[in-house]
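Each remark here refers to the structure printed beneath this line.
The values are calculated or read from the model by the stated rules, or taken from the named source; none is laboratory data. All of these numbers come straight from a predicted model, not from anything done at the bench. Quick reminder, even Gly has a Cβ in these numbers, built from the backbone with ideal geometry, and neighbours come from all protein chains shown. Keep in mind that these areas ignore ligands, DNA and RNA; they rest on the heavy atoms of the full protein, side chains included. Shrake-Rupley method; radii C 1.70, N 1.55, O 1.52, S 1.80 Å.
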Amino acid sequence: MNQIALITASIRMKASHGPMATARFYESDEINTKEAAIKAGWPSDVITEIDEDISLEELKMLDLPYEYNFFAVKNKGYLITACSASDFDEIQQSKKLKASHQFPVGRMEGRTTIVTGAAQGFGQGIAESFFEEGANVVIADLNEEKGHQLANQLNDSNRPNKAFFVKCNVAEMVSVEEMVNKTVLHFGGVDALISNAGILRAGGLDEMEPEVFDLMTKVNYNGFFHCAKAGSAIMKIQTEMNPEYFADIIQINSKSGLKGSNKNFAYAGAKFGGIGLTQSFALELMPHRIKVNAVCPGNFFEGPLWSDPEKGLFIQYLNAGKVPGAKSIEDVKKHYEGQVPAGRGCRVKDVVRALLYAIEQEYETGQAIPVTGGQNMLS
């Protein structure tokens, strides 16, 4: 684990009283001691100097009664804690540990959430909804253009909480670790990690090529493992700093993880495996007060996964002959709507409500929560 990220996350937790504080680390060759910070204009009475190799036990002993703190990390840079992410620019300009902003408000007030695959579809809707609920949101995606566009759009709202884009390929462990480290250095920690990134290529045994199967497995199954491994490493530090704090790792799974899917085995197999990982991670991590759950949406007909005119599931299933007798995309859509007791597909707000439940409660872990309009019922 990145030592500076460990320090940043620990100090942020010690500075949190009620709503979660925010922290940011500034790498600097010029301001990395108390003396240098004073020369740069920071008041001497607000500066605490610490060594880079400070131990976890020493960090646990810190008594930080206020949200605003300044730490000079010897030979590395400096770290500031604040009430909200929007405070940092003002603090940097004034060289005073105070700002006019208030804590973020909402059901996710001040919590930092990573959403993978957040540049579009369910991920975008989750990121937007969590941002409205007061969360600092990290938009993690391979699509840099859409990711930056969404982050800028959210930040233009001038809320106390902020959004931040990180390019990430969940199929690569190094990329996921970098995502987590960047999040911690920018916002101070990771309170919830939503493992949403996924791909779907429909096809039966005759059509499915091994390289496509491998790719889907790397993204949909390995990607969740990568997120859980990197996320839990920093979350364990956070829970150790505060005995009343809980963190969350949640996979956006699928109804295909609850019931087999004809000519869609690569996707369903990875999602079935994701529920196995969810249950196993939950047993391992609950002693650290890290809850691990899965949310299993039904048919998101309104999103690009289904509706994209070239690569969406409607056209894929039509071409694969998955719906007997279907002659058009509309025939495929009506077929799937007819399978849902609620008479419609899943919407972003349905998934967000399930996510908020999983995060707000402190008792359930290892659960696969259906959001299928009654199409899949737990037994």
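Worth pointing out:
- Taken over the range 265-307, the criterion of being among the charged types (D, E, K, R), within 18 Å of MET235 (Cα to Cα) and part of a helix (DSSP H, G or I) is satisfied by GLU284 alone.
- Summed over the range 63-74, residues that are open to solvent by less than 40 Å² (accessible area, probe 1.4 Å) and within 28 Å of the chain's Cα centre (by Cα) total 6.
- Residue in the range 74-87 that is in contact with a Gly (Cβ under 7 Å, 6 or more places away or on another chain) and of a type in the set (A, V, I, L, M, F, W, C) present: no
- Matching option when the condition is under 15 Å from the mean Cα position of the chain (by Cα), over 23 Å from GLU360 (Cβ atoms) and surrounded by fewer than 24 Cβ atoms within 10 Å (Cβ to Cβ), among ALA197, ALA151, ALA99: ALA151
- When each of LYS182, LYS229, LYS236 is tested for being open to solvent by 80 Å² or more (accessible area, probe 1.4 Å), in contact with a helix residue (DSSP H, G or I) (Cβ under 8 Å, 6 or more places away or on another chain) and either free of Cβ contacts under 8 Å to residues at least 40 places away in the same chain or in a helix (DSSP H, G or I) (or both), the lone residue that passes is LYS229.
- Search result, residues across the range 75-96 that are open to solvent by less than 60 Å² (accessible area, probe 1.4 Å), more than 12 Å from PRO160 (Cβ to Cβ) and assigned to a helix (DSSP H, G or I): ILE91, GLN92, SER94
- Test for ASN143: is it among the polar types (S, T, N, Q) and farther than 19 Å from ALA9 by Cα: yes
- Residues in the range 290-314 that are open to solvent by less than 30 Å² (accessible area, probe 1.4 Å) and either more than 26 Å from ASP248 (Cα to Cα) or among the acidic types (Asp, Glu) (or both): PHE301, TRP306, GLY312, LEU313, PHE314.
- Yes/no for GLU330 being farther than 30 Å from GLU109 by Cα, free of Cβ contacts under 8 Å to residues at least 60 places away in the same chain, part of a helix (DSSP H, G or I) and open to solvent by 60 Å² or more (accessible area, probe 1.4 Å): yes
- Filter result (surrounded by fewer than 12 Cβ atoms within 10 Å (Cβ to Cβ) and part of a loop (DSSP other than H, G, I, E, B)) within the range 45-62: ASP53, SER55, MET61
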